[in-house]
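Below: the structure, in structure tokens.
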Amino acid sequence: MELHIAETREDLVERMARAAAEWIGAHPGSLVCLAAGDTPLPVYARLVALQAEGRVDLASVFYAGLDEWVGLGPADAGSCLQVMRDAFYEPAGIPADRRRVFDGLADPATECRAMERWIEAHGGIRFTLLGIGINGHVGFNEPGAPDGEGCLVVALDDITQTVGVKYFDRERTLQQGVTVGLRSLSKAEIVFLMATGERKADIVGRMLSGDPAVPASRLLPHPGLRIYLDREAAGRL
Ligand code: GLP
């Protein structure tokens, strides 16, 4: 495991974007799994800028979406699909046949099987960039959720439902998520986990102490885990 702590968020974003661009450049045709959420969006913006500077071809790899709120679709502001389409896939010019994201309006179990087939057809996830929830979730691998193979339909934790309101422009009642499971993510060679801001400091501290109640702790033994924190998120280490 590598732990990278940057003094500023800008520095953190720059380091992560350059490292991700370098990996993508060296692994054309590989499958990359990207988290939505607020935290990684500046990294995606920087990757798009690096591409505009001719320093990476982001369409040289394939993409799998990490997770989605069951019940939300492309027209819903705050769905992972909408966020990733507008913040990354469209500005990066990723063709539709190079990406697959969960459809939160479709039957969740069927969506999971379809995503598993996509992952399998592209040789498994080789690189993933993840965030961490206030409750320690990764994607929607919630505390107490089963650690099964493939993709999962998960009952959302109360904290996830409460924190989730920040993404939406109106009130939502969302009780389930679909996610790539931790075991599939753990098969990636490189796992970037990113956290910024003081509000993530407690959960990052608990994760790094190996707290078994924190789903992200299960990534700690992974030899390719690279944790990227700004100074605030590293405040309880
Ligand atoms: C969200 C998503 C995750 C995300 C995490 C942190 O609910 N399900 O994929 O990484 O929680 O989100 P944020 O970066 O907005 O704090």
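The values are calculated or read from the model by the stated rules, or taken from the named source; none is laboratory data. What you see is a predicted model, and the numbers here were worked out from it, not measured in a lab. Cβ coordinates were reconstructed from backbone atoms using ideal geometry, including for glycine residues, and neighbour counts include every protein chain displayed. For the accessible areas, the whole protein counts, side chains as well, though only heavy atoms, and no ligand, DNA or RNA atoms are used. Shrake-Rupley method; radii C 1.70, N 1.55, O 1.52, S 1.80 Å.
Kindly indicate whether residue 64 is surrounded by fewer than 14 Cβ atoms within 10 Å (Cβ to Cβ) and in contact (Cβ under 8 Å) with a residue 60 or more places away in the chain. Considered against the rule, which asks whether it is surrounded by fewer than 14 Cβ atoms within 10 Å (Cβ to Cβ) and in contact (Cβ under 8 Å) with a residue 60 or more places away in the chain, residue 64 comes out as no. Taking (1) buried (at least 19 other Cβ atoms within 10 Å of the Cβ); (2) away from the ligand (no atom under 13 Å from the Cβ) in turn, residue 53 satisfies each apart from (1).
Every residue in segment 124-144 that is farther than 28 Å from residue 42 by Cβ and touching a His at 6+ places or on another chain (Cβ under 8 Å), please. Full working, then the answer.
In the first step, residues of segment 124-144 are kept if they are farther than 28 Å from residue 42 by Cβ; the result is 144.
None - no residue of segment 124-144 is farther than 28 Å from residue 42 by Cβ and touching a His at 6+ places or on another chain (Cβ under 8 Å), so the list stays empty.
Residue by residue, here is whether (1) within 14 Å of the ligand (Cβ to nearest atom); (2) farther than 19 Å from residue 31 by Cβ; (3) in contact (Cβ under 8 Å) with a residue 24 or more places away in the chain holds:
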position	(1), (2), (3)
124	no, no, yes
134	yes, yes, yes
137	yes, yes, yes
145	yes, yes, yes
152	yes, no, yes
155	yes, yes, no
160	yes, yes, yes
163	yes, yes, yes
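Taking into account only those residues within segment 173-198 that are in a loop (DSSP other than H, G, I, E, B) and among the charged types (D, E, K, R), which is most open to solvent (accessible area, probe 1.4 Å)? Ranking the candidates gives 187 first. Across segment 114-162, the number of residues qualifying as over 17 Å from the mean Cα position of the chain (by Cα) and either among the β-branched types (Val, Ile, Thr) or open to solvent by 60 Å² or more (accessible area, probe 1.4 Å) (or both) comes to 12.
Criterion applied to 165, 178 was being among the aliphatic types (A, V, I, L, M) and closer than 26 Å to residue 120 by Cβ, and the one residue passing it is 178.
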